[in-house]
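Student: Got a structure here, written out as structure tokens. Questions coming.
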Amino acid sequence: MSLLTVGSVAFDALETPFGKTDKIIGGAATYITLSASYFAEKNNLVAVVGDDFPQSMINDLQQHGVNTEGLQIRQGEKTFFWSGKYHNDMNTRDTVEVQLNVMEDFDPIIPESYQDCQYLMLGNTAPAIQRTVIERLRTRPKLIVLDTMNLWIEIAYPDLTELIKQVDVLVVNDEESRQLTREYSLVRAAAKIRTMGPKTVIIKKGEHGALLFHEDRIFFAPALPLEEVFDPTGAGDTFAGGFIGYLAKTDNISFDNMKRGIIYGSAMASFCVEKFGAERIMNLTQDEIQARVSEFVKLSAFGFEEVI
Ligand code: AMP
């Protein structure tokens with residue numbers, strides 16, 4: 001089934017306890033589409049870059065089967081830039097600098113060939129842009145998944161709450177869910193978010209896995225315990241790309257299939273953190289992905305015998 005992703009395509013500069021990078025390629029939609037490329041048959045991108053963005057990266061996306069017809073290249077303008085610095089625990093980071101550049105007045109044009117998309121991934125960007133994408137689709141997709149971040153909760157709360165009403169699944173991290181609902185308990189936060197619109201809520205907890213809430217059911221997926229987390233940037237987007245890519249491939253949005261989607265998303269995210277930027281998720285094989293998923297299955301499987 002076909003997937004449409006909107007979100008940032010960016011230059012990132014990162015600092016982790018393991019090292020520093022100058023400008024490397026990042027952006028929410030970059031990670032999402034690369035991750036989803038291992039699953040979704042049609043993988044359509046809507047985003048904007050400046051003429052400083054390397055054609056070689058656009059070629060790489062295309063080689064991964066990403067349709068870049070909806071990627072606008074604005075002449076004489078600069079690509080969105082974000083820089084972040086991780087704390088020692090790698091679970092928290094500070095945004096050091098943001099230059100919106102081409103994102104400042106981004107108008108997401110949807111190519112005609114994207115109109116048949118059944119799965120829509122609203123990756124991190126301003127809620128007003130995400131909403132415009134929904135409005136410009138003539139038929140509502142079967143599943144709309146929304147990702148957002150603390151910045152939009154702080155500066156675009158009214159837009160965000162309007163948008164949340166229209167989506168099926170909200171993906172946020174634990175802090176964002178608390179910030180959005182003012183509830184400390186994640187169970188209460190998820191319940192409150194479900195009263196705001198989405199039937200399903202996914203709360204990511206970094207190296208502590210992810211929770212899936214749907215009606216009165218909860219599923220927990222662990223994160224793979226890794227010896228070394230090199231760079232967590234994009235792990236959340238890679239997770240979301242694996243999740244929606246898997247759902248689009250299997251064309252099944254039941255709770256049981258979402259559980260499998262969460263495991264695939266977690267497996268993809270576990271690769272992402274092994275190297276700086278998107279390097280690792282650009283070079284995966286289906287065998288590596290399947291082997292990683294098997295590790296997840298083993299991680300929490302146990303033989304259960306009732307003794308009382
Ligand atoms: P994640 O680590 O999954 O939260 O995503 C990191 C990516 O989000 C980076 O590659 C950034 O380029 C991108 N990003 C950071 N801030 C923003 C923003 N305000 N809007 C859109 N994308 C952003």
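Student: Determine which aspartates and glutamates satisfy two conditions relative to LYS204: a Cα distance under 12 Å, and not lying fewer than 8 residues away in the same chain.
Tutor: ASP147, ASP174, GLU175, GLU176, ASP237
Student: Placing unit charges on C-beta atoms (Lys and Arg positive, Asp and Glu negative, everything else neutral), compute the dipole magnitude of the stretch 127-212 about its Cα centre in debye, rounded to 20.
Tutor: Numbers: 14 positive and 11 negative charges, 92 e Å.
Magnitude of the dipole: close to 440 debye.
Student: Need one number: nm distance between label points at THR250 and HIS64, each 7 Å from Cα along Cα→Cβ, rounded to one decimal.
Tutor: If labels sit at THR250 and HIS64, their model points lie 2.2 nm apart.
Student: Within 10 Å, count the other beta carbons around each residue, average over each peptide in 168-174, 183-189, and list them highest first.
Tutor: 168-174, 183-189
Student: Modelling each spin label as a point 7 Å along the Cα-to-Cβ direction, I'd like the ASP94/GLU274 distance in nm, to one decimal.
Tutor: In this crude label model, ASP94 to GLU274 measures out at 3.2 nm.
Student: Can you give me the % of accessible surface on the chain that is carbon or sulfur? Probe 1.4 Å, all protein chains present, nothing else counted.
Tutor: 50
Student: Based on Cβ point charges of +1 for Lys and Arg and -1 for Asp and Glu, what charge dipole magnitude is obtained for the stretch 2-300 about its Cα centre, in debye rounded to the nearest 20?
Tutor: Approximately 960 debye in magnitude.
Student: Give the percent of DSSP beta bridges with both residues in the chain that are antiparallel, rounded to the nearest 5. All intermediate terms of the calculation are to be shown ahead of the outcome.
Tutor: Details: 21 of 55 bridges.
Antiparallel: roughly 40 percent of the beta bridges in the chain.
Student: Multiply the residue separation of PHE302 and GLN286 by 0.36 nm, subtract the distance between their alpha-carbon atoms, and state the gained length in nm to one decimal. Write down the numbers at each step before the final one.
Tutor: Details: separation 16, 0.36 × 16 = 5.76 nm, distance 2.62 nm.
Using 0.36 nm per residue and subtracting the Cα-Cα distance, I get 3.1 nm.
Student: Which pairs in the list LYS205/LYS275; LYS20/LYS78; LYS142/LYS249; LYS23/LYS85 are over 18 Å apart, alpha-carbon to alpha-carbon? Don't jump to the answer; show the numbers that get you there.
Tutor: Numbers: LYS205/LYS275 20 Å; LYS20/LYS78 22 Å; LYS142/LYS249 13 Å; LYS23/LYS85 13 Å.
Beyond 18 Å: LYS205/LYS275; LYS20/LYS78.
Student: Calculated FRET efficiency, LEU224 and THR161, Cβ-Cβ r, R0 30 Å, to nearest 0.05?
Tutor: So the FRET efficiency works out to roughly 0.30.
Student: Right, something else. Simple spin-label model, 7 Å along Cα-to-Cβ: THR195 to GLU135 in nm?
Tutor: A separation of 2.9 nm, rounded to one decimal place.
The values are calculated or read from the model by the stated rules, or taken from the named source; none is laboratory data. These numbers were taken from a predicted model, which means no experiment stands behind them. Cβ coordinates were reconstructed from backbone atoms using ideal geometry, including for glycine residues, and neighbour counts include every protein chain displayed. Just the protein is used for accessible areas: all its heavy atoms, side chains included, with ligands, DNA and RNA removed. Shrake-Rupley method; radii C 1.70, N 1.55, O 1.52, S 1.80 Å.
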